[in-house]
Amino acid sequence: KIDEFFTKNFSIHPNPVNDVFSLTAKNGVSLENVQVIDINGRVVNETNVSDSDSVQINVSDLTAGVYFVKVQSDLGVGTSKIIKK
């Protein structure tokens, strides 16, 4: 199931990602925290964001595969998938 809250309020580029992806909030949403979570549910990257609508996340140290991006914002939490090349 696609997370409609995520797709309505956030975008990730590029996806698939090599080293760094940009997470951008839409509609005036403020980002608070971004977690990259592996397929086993472990948090492999966490970035606190203070009052910004975009952040760059470096995932160059992660192995290739599917990861989840969990975003906390002032409106709530959204999750999406990324592919690491």
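The values are calculated or read from the model by the stated rules, or taken from the named source; none is laboratory data. Just so you know, these numbers come straight off a predicted model, no measurement behind them. When we count neighbours, we look across all protein chains shown, and the Cβ atoms used for this are built from the backbone with ideal geometry, even at glycine. Accessible surface is based on the protein model in full, side chains and every heavy atom, while ligands, DNA and RNA are left aside. Shrake-Rupley method; radii C 1.70, N 1.55, O 1.52, S 1.80 Å.
Observations, loosely collected:
- Counting only strands (runs of 3 or more DSSP E) that fall entirely inside the stretch 1-64 and contain at least 2 residues that are touching a residue at least 24 places away in the same chain (Cβ under 8 Å) and open to solvent by less than 70 Å² (accessible area, probe 1.4 Å), the qualifying elements are 10-13, 20-25, 31-37, 54-58.
- Taking the stretch 11-50 as the range and being out of contact with any strand residue (DSSP E or B) (no Cβ under 8 Å at 6 or more places or on another chain) and of a type in the set (D, E, K, R) as the test, only ARG42 passes.
- Count of the stretch 65-85 residues which are exposed (fewer than 13 other Cβ atoms within 10 Å of the Cβ) and out of contact with any Ser or Thr (no Cβ under 7 Å at 6 or more places or on another chain): 5
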